[in-house]
Structures are given as structure tokens and as C-alpha cells.
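Notes follow the structure.
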Amino acid sequence: MDNSFSWNLLTDLQNMWQYDFMRHAFEAGTIVAVVAGIIGYFVVLRRSAFAAHALSHVGFAGAAGAVLIGVNPIAGLLVFTSAGGLTMAALGRRAANRDTQVGIVLSFMLGLGVLFISLYKGYATEAYSILFGQILGISSGDVLVTLVAGLVVITAMVFIFRPLLLASLDEDVAEAKGLPVAALGLGFMLLIAVAVSIAVQVVGVLLIFALMVTPAAIAERTTHTAARGVIVAVIVALLVTWFGLFAAYYLSYPVSFFITSSVFVAYVLVRLRQARRLT
């Protein structure tokens with residue numbers, strides 16, 4: 001496999017995309033980046049970053065349980081993140097006051113994960129790979145599953161965008177207008193669960209903040225409307241994902257390292273630019 005960098009971008013892209021695993025990685029990475037940008041913007045707006053992070057760890061427990069009973073770890077991850085998200089939303093009716101309930105559910109689910117790993121007699125390679133992502137090992141079937149899940153999330157967000165935006169900005173006003181705030185919270189936590197389940201393929205459980213939170217945090221600081229914020233979050237997530245895949249191919253370091261590092265640098269530059277304006 002020739003992975004020498006030529007400084008001719010078109011040639012380098014053609015060289016990289018001649019391999020199926022790189023094409024699959026770019027396809028899945030693009031889908032995940034779009035979903036993470038959209039969901040992530042509302043995660044930041046609703047101050048639910050801890051919940052998104054917790055669901056990623058809950059997902060690892062589900063993956064460990066799936067390995068124990070011999071099924072696909074992603075299936076177990078999706079089941080546990082969905083159950084965990086719904087439980088968090090049901091126990092904490094208000095998004096702003098949900099941290100305690102999130103911590104309680106997280107600790108319980110992590111305990112189950114420890115139990116599943118201890119019961120498994122072999123080496124749970126598939127479950128452990130979810131910790132740091134496995135985007136370069138994605139098959140065409142995985143891409144299709146990711147696409148279907150991504151379309152479901154995006155379609156749902158189109159339908160609930162306006163009421164969710166109002167509920168995220170002011171739950172009291174949303175309730176006064178007759179919006180089903182509790183149902184919106186439950187539905188959004190379920191969408192986070194699905195987004196986390198497909199995003200772990202790219203950056204892994206431990207680095208989920210990179211795509212779910214940081215691009216949205218950049219968007220929140222550089223835009224003034226929700227529509228523009230979502231667009232900026234998606235663009236940032238796409239750029240860092242594409243850069244991470246490109247850099248990892250030619251430099252032979254983990255994809256997640258380049259994604260997390262580049263988006264962190266972008267966030268720091270935005271903060272520095274704002275600080276200069278203030279001074």
C-alpha cells in the first residue's frame with residue numbers, strides 16, 4: 001500500500017480512495033459528522049454535554065454485554081444508550097437539572113459493564129475497540145447501517161427542530177405555549193443515543209466530545225442564530241473528520257488523535273480571537 005504524500009492533493013486523494021476501507025471510512029465519517037454536528041448543537045444549547053458523554057460510557061457497557069452473549073457490540077451499545085438516555089430523561093424532567101440523575105444512571109450502567117467484562121472468559125477485542133473508534137475497519141454493511149441510522153436522526157430533527165429549539169432556550173415558555181416539553185426531552189435523549197452509537201465508530205467512547213460537543217461549541221461562539229449554528233457545527237465536524245482520515249492515512253497515527261487535536265486547536269483559536277476582540 002503506497003501511502004507516500006506527494007503534495008498534490010488530487011493525486012493524494014485518488015491514491016487514498018483506491019482502497020475500499022478508506023472509501024468506507026470517508027463515507028461513514030461524513031454521515032457521522034453531519035449527525036454529530038446537528039445533534040451536538042442542541043446538546044450544547046441544552047447544556048447536556050455531560051449526558052452525551054455519559055451515554056458514550058453507558059454504550060461501552062452495552063457493547064461488553066453484547067460480546068458476552070455473542071452478538072454485534074454496536075447492537076448492545078445502541079440498546080444500552082437508548083435505555084440509558086430514556087432513563088436519564090425520565091428521572092430528570094428538566095434538562096438544566098439533570099446532572100445528578102445522569103451520574104446515577106452512569107454509575108449503575110458502568111457497574112453492569114464491569115460485570116459483563118468479568119464474566120466474559122475470552123478477550124473482548126470488539127468491545128475494547130469501541131473505546132477509541134475503529135473507523136478504518138468499517139465494512140460496506142456498516143456504512144449502510146450508519147446511513148440508515150443517520151437518516152432517521154436527521155429526519156426526526158427536521159420534524160422537532162422548532163419546538164426543540166424553543167424548549168432548549170426556555171422550557172417554561174415552551175410549556176406555557178403547550179409544547180410537550182417532557183416528550184421532547186425523551187425524544188431528544190433517544191436521538192443522542194443513536195448519534196452516540198454511530199459516532200463511536202469514528203472517535204470511540206472516550207473521545208465522543210470531539211464530534212458531539214466541540215464543533216457545536218465553536219458554532220455557538222461564532223454564530224447568532226440556530227440555523228447558522230447547526231450549519232457551522234456540521235461544517236466543522238466534517239472538516240476535522242476529513243482531515244483526520246487524510247492525515248492518518250499518510251502519517252500512520254490514529255484517526256481519533258487527528259480529529260480530536262484539530263478540533264481542539266480550532267476551538268482554542270476561536271477563543272483567542274474572541275479574547276483579542278474584547279481587549
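Read-outs: derived from the displayed coordinates by stated rules, not from any lab. Note that the structure is a prediction, hence the values are computed from the model and not measured. Counting neighbours? That spans all protein chains shown, and the Cβs are built from the backbone with ideal geometry, glycine included.
Quick look at the values:
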quantity	calculated
Computed FRET value (nearest 0.05) for LEU147 with ALA83, which takes r as the C-beta separation and R₀ as 22 Å	0.40
Gain in span if fully extended, VAL114 to ALA176, counting 0.36 nm per residue against the direct Cα distance	17.9 nm
Unit charges at the beta carbon, dipole of the chain: most positive-side option, PHE264, GLY178, ILE235	GLY178
Relative contact order (%) - criterion: Cα under 8 Å, at least six apart; region: the chain	30 percent
The chain, dipole about Cα centre (Lys/Arg Cβ +1, Asp/Glu Cβ -1), debye to the nearest 20	800 debye
Exposed trypsin sites (Lys or Arg not before Pro) absent - longest run of the chain, DSSP non-H/G/I/E/B, at most 15 other C-beta within 10 Å	178-279
